[in-house]
Amino acid sequence: MHDSTDSMTGAATAGLVGMFGMIAVIGIALTIFFVWLFWRIFARTGQNGALGLLCLIPSVGPLICLLMLAFSRWPIEDAIAAHAYGTTPPTNYPPSFPPTDPPGTSVMPS
């Protein structure tokens, strides 16, 4: 009876180690995905993409990123406003900014 109990305990331990290992791999993959996702979002809003690394803060990192995106002024808003008022946009934006007007919406008379 003692041998069967030891073998059952060993099998249960091996199962738990495997399960926790799989959970750790999934957790690391999700963390890498969130960092990449927020990096892209911050970069597209005109902010520094490295702000996505805030996701590495355990349990509150993604929340901090969401709050920053929700309540901060995006630099791209300044470029859009500058374009709307006819002023020169800042020079630190990618070449695609300011956005061009869609066809047929030009303010200049034909």
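Show me 40-51, 17-28, 68-79 ranked by packing, highest mean number of other Cβ atoms within 10 Å first.
Packing proxy ranking, top to bottom: 40-51, 68-79, 17-28.
Could you look at region 36-75 and say what percent of its accessible area is carbon and sulfur, using a 1.4 Å probe and all protein chains?
Values: 1920 of 2590 Å².
About 74 percent, which is the carbon plus sulfur part of the accessible surface.
Using alpha carbons only, what's the Rg to Rh ratio of region 19-67 with Rh from Kirkwood?
Working: Rg = 11.8 Å, Rh = 11.1 Å.
Expressed as Rg/Rh, it is 1.06.
Report the FRET efficiency, 1/(1 + (r/R0)^6), for Ile64 and Ile23, where r is their Cβ-Cβ distance and R0 is 22 Å, rounded to 0.05.
Details: r = 24 Å, r/R0 = 1.08.
It comes to 0.40.
How large are Rg and Dmax for region 1-85 when only the alpha carbon atoms are used, in Å?
Reported Rg and Dmax, both Å: 22.5, 85.
The values are calculated or read from the model by the stated rules, or taken from the named source; none is laboratory data. Computed from a prediction, not measured in an experiment: that's the story for all the values here. Glycine gets a Cβ as well: all are built from the backbone with ideal geometry, and neighbour counts include every protein chain shown. Side chains are part of the model used for accessible areas, which takes the heavy atoms of the whole protein and leaves out ligands, DNA and RNA. Shrake-Rupley method; radii C 1.70, N 1.55, O 1.52, S 1.80 Å.
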